[in-house]
Amino acid sequence: MYENDNTLLEEAASGNSEKMEILINKNTGLIWGIVKKFIGKGYETDDLYQIACMGFIKAIKRFDKSYKVKLSTYAVPYILGEIKKFIRDDGIIKISRSIKELGFKVLMESINEESNERKIFSEFDEQTKIVEKITIEELVENLNTRDKEIIKLRFYKEKTQRQVGEILGISQVQVSRIEKRILSEFKEKLKAEV
């Protein structure tokens, strides 16, 4: 099930700042939920919120109404990506005045709506699970052909190591070693993402 106001999305994506502001206001809980994950890492909360809004705006501009997902689900990787890029680049991002003003306006409105705190956290938990799934799928897609096939057979099609070995013409021991290496690489990459 997915729900999107396509007219609002289209108008916001085409540059209507009033519609963009409405969408940001509707998704303030989601944006704040993601920002809170990065609080205490040496960056101003307001800066992180504005960067998160930039990620959300990118998602709006790239969203296709034919996607069978909610905008909020689609936007999570963009918001996370923008914040991580900001942190990776040590905060060296120039934010346009209009985005700063929009971010500040939305920030002030969200401060006045603290009663939504419980909803914010439950929505964030749901989005975190989606992000983890998306991240793992991206890691799988970046594997070489053989490694990708092993992971798909083992974890998506639930084949045993012996069955995978028979399908790929390699031994069960080789499958075990390759699988162990891939999972170890995934673990390191996921640690680096946090």
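The values are calculated or read from the model by the stated rules, or taken from the named source; none is laboratory data. Quick caveat, the model's predicted, so the values are computed rather than measured. Counting neighbours? That spans all protein chains shown, and the Cβs are built from the backbone with ideal geometry, glycine included.
So the values come out like this:
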{"item": "Test for Gln127: is it surrounded by 14 or more Cβ atoms within 10 Å (Cβ to Cβ), outside the structural domain of Ser72 (by TED's automatic domain parsing) and at pLDDT below 65", "result": "yes"}
{"item": "Test set (1) at pLDDT below 90; (2) more than 25 Å from the chain's Cα centre (by Cα); (3) among the β-branched types (Val, Ile, Thr) - Ile170 fails condition number", "result": "(1)"}
{"item": "Boolean, Gly103 is among the small types (Gly, Ala, Ser) and either farther than 19 Å from Ile24 by Cα or modelled with pLDDT of 85 or more (or both)", "result": "no"}
{"item": "Some residue of region 169-186 being under 22 Å from Leu80 (Cα atoms) and either assigned to a helix (DSSP H, G or I) or assigned by TED's automatic domain parsing to the domain that holds Lys84 (or both)", "result": "yes"}
{"item": "Of all residues making up region 26-50, the number that are surrounded by 14 or more Cβ atoms within 10 Å (Cβ to Cβ) and more than 18 Å from the chain's Cα centre (by Cα)", "result": "3"}
{"item": "Selected residue (criterion: nearest to Ser14 (Cα to Cα)) from residues of region 38-59 that are free of Cβ contacts under 8 Å to residues at least 12 places away in the same chain and not small (Gly, Ala, Ser)", "result": "Thr45"}
